[in-house]
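Before any comments, here is the structure.
Every number in this text was worked out from the coordinates using simple rules, so none of it is lab data. All figures in this text were calculated on a predicted structure; none of them were measured in a lab. Positions of Cβ are generated from backbone atoms using ideal geometry, with glycine treated the same way; all protein chains shown enter the neighbour counts.
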Amino acid sequence: MKGYAKIAYWDTAQGRQPPPLLGEIKGTPTIRLYKPKKKQKPGSNKAKQVVDYNGERKAKDMKKFVDYYMPNFAEPIVNGPTDLEKFEGKAEKHGLPRALLFVSKADTIAMTKYLTTEFRRKLLIAEVKPTKKNKEIMDKYGVTDLPALVVFPLPGEGDEEQPESVRYDDDGFSKNKLHGFLSKYALKKMVVPAKKKAESKSDADQKQEAEKPPASKVKEEL
């Protein structure tokens, strides 16, 4: 899991009390995962979801556990052009460059989760699942071999020209190579959604509403 999750340990034999952040530890060995919650201030990971591991103490099973709880911000495309249109609309709404990752398996792998987390709010990544309805999308972009990756950069500023689309054609779909490729087209700063302004009533309106007599109850005839 190196590069995908940070693994640390606390030695209870040293006799010191664990920090409050770790929570109460009732027995050893305890394996606990701390996952950043999605709904929090952009760029912050302070709010955590805490999950204890109760599976087999084997590397394969523990890896599956961490894989499952990794944050995933990929936009799933399953139903062909309908899902693609929604994805493109979301990218346009937030002013984000976009990328289509054509995968060979239905399940989202750890590398994809890592990339969507790294480029969150800088590049919108969609995962095109291997379904019959997505065959039209594959044909549109000339995708015959899986996996495949196509990026659609934002238009350049001034004299700077950007191609309409760029295909990843390097050997191997490794984490570091894909990260370097996507970094060329991702925004440098995160896009922060505009906060919705709550419609607050004026003091006079609130006072007038408070002085209104309570509504009378109406007896219903049965």
**Report entry** Sparse-neighbour loop sites [GluC sites (Glu not before Pro); the stretch 56-164; at most 11 other C-beta within 10 Å; DSSP]
**Finding:** 56, 157, 160, 161, 164
Requested in this report: Only loop residues by DSSP count here, and only those with at most 14 other Cβ atoms within 10 Å; note down the trypsin sites (Lys or Arg not before Pro) in the stretch 35-118 that meet that.
Outcome: 37, 38, 39, 46, 57, 58, 105
Query raised in the report: Which of the listed residues, 128, 96, 144, is farthest toward the dipole's positive end in the stretch 75-183, when Lys, Arg count +1 and Asp, Glu count -1 at the beta-carbon?
Result: 128
Report task. Give the order of 33, 146 when sorted by the count of other beta carbons within 10 angstrom, beginning with the fewest. Result -> 146, 33
**Report entry** Quotient of Cα Rg and 2.2 N^0.38 Å for the stretch 75-183, N being how many residues it contains
**Finding:** 1.03
Query raised in the report: Rounded to the nearest 0.05, what FRET efficiency do residue 28 and residue 171 have when you use their Cβ-Cβ distance and R0 = 30 Å?
Result: 0.10
**Report entry** Along each principal axis, Cα extent of the stretch 56-115, largest first, Å
**Finding:** 45, 22, 13
Query raised in the report: Regarding the stretch 112-170, what is the average projected area of its C-alpha convex hull, in nm²?
Result: 5.4
Query raised in the report: Can you put 70, 190 in order, fewest other beta carbons within 10 Å first?
Result: 190, 70
